[in-house]
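Quick notes on the structure that follows.
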There are 2 protein chains.
Amino acid sequence: MTETTQKHQSTLDTAIKALHGRTFFAHFPENPSPEIYGADADRLGREAFEARRNQHYTELLQGEPEGWAGQEESPYEQQSLGIKYPYFAPQTLIERSEKAFGEWRKVKPAQRAALLTEVLDGMKERFFEIAYATMHTTGQAYMMSFQASGPHAADRALEAIAAGYEEQTRFPEETTWEKPMGKYNITLQKTWRAVPKGVALVIGCSTFPTWNTVPGMFASLVTGNPVIIKPHPKAVLPIAIVVAEVQKVLAENGLDSNICQLAVDAEDRLITKDLCESPAVKLIDYTGGTQFGDYVESLKGKTVFTEKTGVNSIILDSCDDLDKVAQNLAFSVSLYSGQMCTAPQNFFIPETGVTVNGTQVPYEEVVQKLAAAVTGLATNPKAGPHVLGAIQNPDTQKRVEQMALNGGRSILAHGTVNNPTFQNARTCSPSIYEVQSSQVEQYSKELFGPIMLVIKTKDTQESIRLAAQLAREHGAISCGAYTTDQEIKEQIMDEMSLAGTPVSFNLTGGIYVNQNAGFSDFHVTGGNPAGNASFTNPEFVIKRFTWVGFREPAPAAV
Amino acid sequence: MTETTQKHQSTLDTAIKALHGRTFFAHFPENPSPEIYGADADRLGREAFEARRNQHYTELLQGEPEGWAGQEESPYEQQSLGIKYPYFAPQTLIERSEKAFGEWRKVKPAQRAALLTEVLDGMKERFFEIAYATMHTTGQAYMMSFQASGPHAADRALEAIAAGYEEQTRFPEETTWEKPMGKYNITLQKTWRAVPKGVALVIGCSTFPTWNTVPGMFASLVTGNPVIIKPHPKAVLPIAIVVAEVQKVLAENGLDSNICQLAVDAEDRLITKDLCESPAVKLIDYTGGTQFGDYVESLKGKTVFTEKTGVNSIILDSCDDLDKVAQNLAFSVSLYSGQMCTAPQNFFIPETGVTVNGTQVPYEEVVQKLAAAVTGLATNPKAGPHVLGAIQNPDTQKRVEQMALNGGRSILAHGTVNNPTFQNARTCSPSIYEVQSSQVEQYSKELFGPIMLVIKTKDTQESIRLAAQLAREHGAISCGAYTTDQEIKEQIMDEMSLAGTPVSFNLTGGIYVNQNAGFSDFHVTGGNPAGNASFTNPEFVIKRFTWVGFREPAPAAV
């Protein structure tokens, strides 16, 4: 194991340095090019994925299963993948995890960090397989599937490993404490242990099955807690591959592979609550809807990290080039059909319009420009399908189709998007509605999917006030603002900071409010109802262990 | 303010270094000697205290009060101190705190840290006044009153300031993020703010009015949160003096003195719940009984730090010198009459006795040796009164006097202690009961005060199992163990670490399990029901603010 530790030390050191620099850093290249990943990597990944269809998933090292279960279907094909995963009853999983805890907690933090970094190397070899698995479970387009589930997720995992390793080695393991008492000294030998909390549960979501799962998973593992990974029943395969990679490294190093287990729901019932409510489970990471998230947060005696839902705002005040702004925003709202936790939903536009290079562009012109940009992107056959991807869930599609605003105005109706590769893809281009600022109840809920609300405000002051209020009361994970006025910018920073919401100002070109960079952007702040987890604020790892100290009179000096 | 920052920078740097070294460090000398604090310091402090009796406390800068209230009485005199404090309704306090928040959060962390360090310099000038105030509210003996409420508390406050300052300056305030995209780079200017959570409430206890209050108080303040200090109605004066020192420094620096307010209960009702339940209150630090602590922890939408009660154990297995062990333990159980959160209560002794230098000393002999040591200390006129102090609360005295164990055996009856200075002092020497290990319900509750339970176990294995179980299920803040067996020692470390309980091994001579050193010993682990706060684990400060990031395309390079 010492060899593994040495092998990965420089990666860990670089990652810790990146955490503190917060400049651009990526350990895993995001470009799926043959030059980087090999000429056959894409083909081999696709073939590996295809070979899994209608098969039992037998790669896990969890022993003879109690049954087989699986209910994934491809949003691109709207048919079952037919993959069955080994099923174990919650009690079996818990008991094995408790047993594995005894072993894992005794592995030193530096060794755990090295082993987990080794896992990411293995994961890298399977980025393309994970990409196809992600496409056909989440509906993400190919590029996002590759980047978000592969390199970006692995970087977020490395970030969690690095943060956990740093926090556990930040204080000395032992020291000699010598207190002068006047005539003599009292000398104590002191030691400290970072004591992991116990069995950890990570509950995944259907849209980002690895990206939203690996931070909590690796944060719990690096701090010595055994984990049970409970993916969303519709998006198991991408994370199953990661779990298999963890188990492989554990087994290779003579460790209990049950330190990391995959838990799938039974065919006829969901097991998440059984796992959550087990007294043995001390840590829970959760990504998903607010209702279940609130339930998780209400559980007693658990340390809980959540990423729930929020309503993200765009504040339009003034800019230099409205066309570029419209294109940028159209992309943000269309990317993965608005199924991102960072996707903007509420666009606050003053009824007096937007100041563009000193000239006032009327409200209606701004709205139509946005609508035209959205339509232009959706109907562009070279861009539309690759940006929009597919709709993960039939309910999301229904929500868009059946959307009826009480008193609102439809600005742009949703449409279907022609996907050249997958004729049956479940698609839906964004719809746009206009709402009056007084109708808060119309825009204070997350409308998951490609739905964009234009909220007509009296002025920018009202826009800021409402965006901050929504974030404080209903949560927000991102905010975009366009202003050329330094005072307005400072005001937005001040008010949104109090609402715990990061703000991207004046984005145009190839960078979007939805995007979020490992080692630089903290993801979710914990400062509003959208969730209490923040990747990777030190709090995200510190709360997974406790410091316990021991002391004893030092042996008399000879 | 820049001058203040420079003045205290080296103190802060030294304190941060001490936090990471965890070797002995004290910024404030614990010895109340005239050579250190000046020839008149003690006299002046006593006179300052005496002058406050039967007066209105007019030193605070909180404006015209809505009334006057005070109900302190001296445990040494068993009569009222007659001091009345300015009373403000909870809503007034909250509104002023919310207003002050707007100002305080905009002061930079480095400046806040410097101002608060300046406060501690002012507090140091009043250590003796605080000492007498502590004696006559808590019943602590003079030496403990001085040390715990003065230098030790100030060091714990400095520790919180240093930790908060470090965490807020650990990541850059701004950076340029430049991502290579192949043909071009995307460049963003990024900034981050450590955003304080809002109004903070600190609820004090009756026994350690400054020591248990200042860590949360200074941790909230250094992270930009305005604080409302709500002391126990029977122990206001010591912390009122500290609040006055904070307000003085704030006013001197042109800041709103309501950034730190004292809240006292009305004469006829307690206001703590009103404050706790205000939606404006975002942070609560609490020290006190478990029942109210559980209530505080159950409040929604608050970040809560608690130190509740626990049952602390001593495990006796083997030692080199039983007399020295008995003396050390007798001191620990007698110190401030067992009214310390770190005082041992349950003494686990195997029925087969204790191995002393390879020879088995029978159980009964061990028990009698402990009882003799306790009696010897309590009846020694030169030591007893100075170690035992007085009983803070008549209820504690009643508990000792009326104690009746179901099925237990009385080993030593409580007695009174003759205090040569205060004839009316409320005193009580420790009582000792024997309980069978099977009667868990008899020893699984905290019996606050000078009560010692000897639990007769089958063997050391049972002792360890029960001590760990009690800590896990009912909480523990300290544990003492005596063993010369390396394997037993390792086992105790392992099992107590899982129960989140620090262990002191083989203490004899002038160091005791109750004692807890700033900058070295984490106080409370957060790993068992005794509380979720840990002085000063980084978590103790990190949870008081959120990181919020801002980004914007960087201006084009010229």
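The values are calculated or read from the model by the stated rules, or taken from the named source; none is laboratory data. All figures in this text were calculated on a predicted structure; none of them were measured in a lab. Here Cβ is always computed from backbone atoms with ideal geometry, including for glycine, and neighbour counts include all displayed protein chains. Protein only, heavy atoms only, side chains kept; ligands, DNA and RNA dropped before computing areas. Shrake-Rupley method; radii C 1.70, N 1.55, O 1.52, S 1.80 Å.
Grouping the Cα pair distances of the protein assembly as shown into 10 Å bins from zero gives a pair-distance distribution of 2, 10, 18, 21, 19, 14, 9, 5, 2, 0 percent in increasing distance order. Take each residue in B:188-194, count the other chain C-beta atoms within 10 Å of its C-beta, and the mean is 4. Judged by the mean number of other Cβ atoms found within 10 Å, the most tightly packed of the peptides B:415-421, B:218-224 leads the ranking B:218-224, B:415-421.
Between copies, the label points of A:S444, set 7 Å from Cα on the Cα→Cβ line, lie 4.6 nm apart, reported in increasing order to one decimal in nanometres. Beta bridges from DSSP with both residues in region B:313-505: antiparallel share about 20 percent, rounded to the nearest 5.
Label-point spacing at A:G509 relative to the other copies reads 6.8 nm, in ascending order, each point sitting 7 Å out from Cα along Cα→Cβ.
Using R₀ = 41 Å, calculate the FRET efficiency as 1/(1 + (r/R₀)^6) where r is the Cβ-Cβ separation of A:E364 and B:T187; round to 0.05. So, using R0 = 41 Å, E works out to roughly 0.75.
Inter-copy label distances for A:Q79: 9.6 nm (label point placed 7 Å from Cα along Cα→Cβ; shortest first).
At an R0 of 30 angstrom, the distance between the Cβ atoms of A:E267 and A:S298 translates into a FRET efficiency of 0.60.
Which order do peptides A:268-281, B:82-95 fall in by mean Cβ count within 10 Å, highest first? Display every interim value, and only then the final one.
Details: A:268-281: 16.0, B:82-95: 20.0.
By packing density, highest mean first, the sequence is B:82-95, A:268-281.
Please compute, over every Cα-Cα pair in region A:313-505, the percentage with a separation greater than 21 angstrom. Can you show the working numbers first?
Numbers: 8899 of 18528 pairs.
In whole percent, the long-distance tail amounts to 48.
Just the number, please: percent antiparallel of the DSSP beta bridges in chain A, rounded to the nearest 5. Given both bridge residues lie in chain A, the antiparallel proportion sits at roughly 45 percent.
Annotation for A:A404 and B:K99: the two label points, set 7 Å from Cα along the Cα-Cβ direction, are 5.0 nm apart.
Centroid-to-centroid, using Cα positions, region B:204-229 and region B:106-128 are 13 Å apart. Among bridges DSSP assigns within the protein assembly as shown, what percent are antiparallel (round to 5)? Once the DSSP bridges in the protein assembly as shown are tallied, antiparallel ones form about 40 percent.
Where does the charge balance sit around B:Q71 when Lys and Arg score +1, Asp and Glu -1, over other residues with C-beta under 13 Å from its C-beta? Please report the intermediate quantities before stating the final value.
Working: positive: B:K84, B:K234, B:R269; negative: B:E72, B:E73, B:D265, B:E267, B:D268.
Result for the neighbourhood of B:Q71: -2.
A simple spin-label model places the labels of A:E441 and A:A51 5.7 nm from each other, with each point 7 Å out along Cα-to-Cβ.
Only Cα pairs under 8 Å and at least 6 apart count here; give the relative contact order of chain A as a rounded whole percent.
Relative CO of chain A lands at 18 percent.
Using just its DSSP H runs of length 4 or more, each adding -39500 (n - 2.57), the protein assembly as shown gives a mean residue ellipticity at 222 nm of -12000 deg cm²/dmol after division by all residues.
Return the average number of partner chain Cβ atoms within 10 angstrom of each residue Cβ along peptide A:25-34. Numbers along the way, then the final one.
Values: counts 2, 2, 0, 0, 0, 2, 2, 0, 1, 0.
Rounded to a whole number, the mean comes out at 1.
Inter-chain neighbour count for B:195-204: the average number of beta-carbon atoms from partner chains within 10 Å of each residue's beta-carbon is 2.
Each peptide among A:343-351, B:432-440 gets the average number of other Cβ atoms lying within 10 Å of its residues, and from highest to lowest they stand as A:343-351, B:432-440. Taking 7 Å steps out from each Cα toward its Cβ at B:K108 and B:S80 produces label points 5.1 nm apart.
Excluding A:E50 itself, calculate the net charge of residues whose Cβ lies under 13 Å from the Cβ of A:E50, where each Lys or Arg counts +1 and each Asp or Glu counts -1. Counting the neighbours of A:E50, the net charge comes to 0. Using a probe of 1.4 Å, the accessible surface attributed to A:K282 totals some 80 Å² when neighbouring protein chains are kept in position. The C-alpha atoms of chain A occupy a region whose extents along the principal axes are 86, 67, 47 Å, arranged from largest to smallest.
Please work out how many pairs of lysine residues in region A:281-414 are eight or more positions apart (or on different chains) and have Cα atoms closer than 20 angstrom.
Details: A:K282/A:K300; A:K282/A:K302; A:K282/A:K308; A:K300/A:K308; A:K324/A:K369; A:K324/A:K382.
The number of close lysine pairs in region A:281-414 is 6.
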